[in-house]
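See below for the structure under consideration.
Just so you know, all these numbers are worked out from the coordinates, no wet-lab data involved. Please read these numbers as outputs of a predicted model, since none were measured by experiment. Note that we place each Cβ from the backbone using ideal geometry, even for glycine, and neighbour counts take in every protein chain shown.
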Amino acid sequence: MLTLDLTNTPRWHDLVPGVRAELRPLTTALMVGTRSDPAVEAVPVDASDEERAVAFAKALARRAVLTWEGIGDADGNPIDPSPEAVDALLDIWPIFEAFQLTYVSKGLLLDQEKNVSASSPSGPSAGASATAKRAKRPAKPARRG
């Protein structure tokens, strides 16, 4: 069953111990806006999937992060989110991974909630694997009457 959260309120996400961010809900508007972000559109056509993923994640985070805790400047003073600070934060591998896992992938899990058994792309048995072993010899015909 598809569950809807009609509150659409921001939520806190723990990224790593001592660091958490309050993020907007992952909505269609947020994803579409991110796809048309200038930084995403500026990614070269021949860029790798990884380069595209980083550009998209940073653009999404710049739009989604409202506030955070546990993040400071070089002197240890707390700082507010800014586009530069968000990009620098996502340059830290464990933070990037946590953002992808706790925020982005949860939004994408909707695909798994849709149908328990979706039809195969080219008919009911396309792509299916056999579960029974092949018979050693042909079966005998059934007896009559």
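Remark: region 11-114 projects, on average over all directions, an area of 7.3 nm² (convex hull of Cα atoms). Counting Lys and Arg as +1 and Asp and Glu as -1 over every other residue whose Cβ lies under 13 Å from the Cβ of Glu41, the net charge comes to +1.
Subtracting the Cα-Cα distance of Thr67 and Lys106 from 0.36 nm times their residue separation leaves 12.1 nm of extension gain.
A crude spin-label estimate for the pair Asn8 and Ser48, with each label 7 Å from Cα along the Cβ direction, gives 3.9 nm. Excluding Arg52 itself, what net charge comes from residues whose Cβ is under 14 Å from its Cβ, given Lys and Arg +1 and Asp and Glu -1? Here the charged neighbours net out to -4.
Remark: Ile71, Ile95, Ile79 ranked as Ile79, Ile95, Ile71, counting other beta-carbon atoms within 10 Å and listing the fewest first.
Among Thr102, Thr9, the ranking by other beta carbons within 10 Å of each residue's beta carbon, starting with the fewest, stands as Thr9, Thr102.
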